Amino acid sequence: MNTLSSTRRTMTRDEALAWNSDWSPADITAIGENFDRLGAQSFYRTQSNGSITAQDKDGRVLMYVHPGHVTFNKGLAPEGRENPEVEGFDLSTVREKLPIKGEEVLTICPSCFYAMPYTGVCDTCG
Ligand SMILES: [Zn+2]
């Protein structure tokens, strides 16, 4: 008996690729390509739904898919990735992402250091 079975939920490949509705088509393509590259056969998410684990047919863990990034078991990350020191890559939904072009940058109030609305009038100290 597998003691892990009660804390994880099995998914299909399609369910895994549709897990985060905020993923862009490029994110989904990148994740799917890595599933195929590594021969991922089974997918499951943790009970907290915090990430998806992909395994090969022998049950070896290949990679973890998080809402904003993907990580790989050591040595399995794709060649030529953006940052060779990181065993994974970011998705478009990564939280620490810098403001994209055209997106307004928050202004900080010089008195209270809270972010000001675009009106330029601070909500906190007026
Ligand atoms: Zn203020």
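Read-outs: derived from the displayed coordinates by stated rules, not from any lab. The structure displayed is predicted, hence computed values, not measured ones. Quick reminder, even Gly has a Cβ in these numbers, built from the backbone with ideal geometry, and neighbours come from all protein chains shown.
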Could you list 74, 57 so that the one with the fewest beta carbons within 10 Å of its beta carbon is first and the one with the most is last?
74, 57
Which of 43, 94, 113 sits closest to the plus end of the dipole of the chain, meaning its Cα is farthest towards the positive end, when Lys and Arg get +1 and Asp and Glu get -1 on the C-beta?
43
On full extension of the chain, what length is gained from residue 37 through residue 109, given 0.36 nm per residue of separation minus the C-alpha to C-alpha distance?
21.0 nm
Just subtract the alpha-carbon distance of residue 92 and residue 28 from 0.36 nm times their residue separation and send over the number in nm, one decimal.
22.0 nm
Please name whichever of 54, 126, 19 sits farthest to the positive end of the charge dipole of the chain, dipole taken about the Cα centre and charges placed at Cβ: Lys and Arg +1, Asp and Glu -1.
54
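Test of understanding: ordering 61, 121 by Cβ neighbours within 10 Å, fewest first, what list do you get? Mind showing how you got there, number by number?
Working: 61 13, 121 10.
Least crowded to most crowded, the residues run 121, 61.
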Divide, for the chain, the radius of gyration over alpha carbons by 2.2 N^0.38 Å, where N is the residue count.
1.41
Which value, in debye to the nearest 20, gives the size of the charge dipole of the stretch 5-90 about its Cα centre, when Lys and Arg are +1 and Asp and Glu are -1 at the Cβ?
440
For the chain, modelled as a Gaussian network with Cα springs under 10 Å, which listed residue fluctuates most, 32, 68, 50?
50
Gaussian network model of the chain, Cα springs within a sub-10 Å range: biggest mean-square fluctuation belongs to which of 84, 67, 110?
110
Could you check the simple spin-label distance between residue 119 and residue 74, using points 7 Å along Cα→Cβ, in nm with one decimal?
5.6
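Going by C-beta contacts inside 10 Å, put 35, 113 in order with the fewest on the left. Intermediate results must be reported in sequence, preceding the final value.
Values: 35 19, 113 10.
Lowest to highest Cβ neighbour count: 113, 35.
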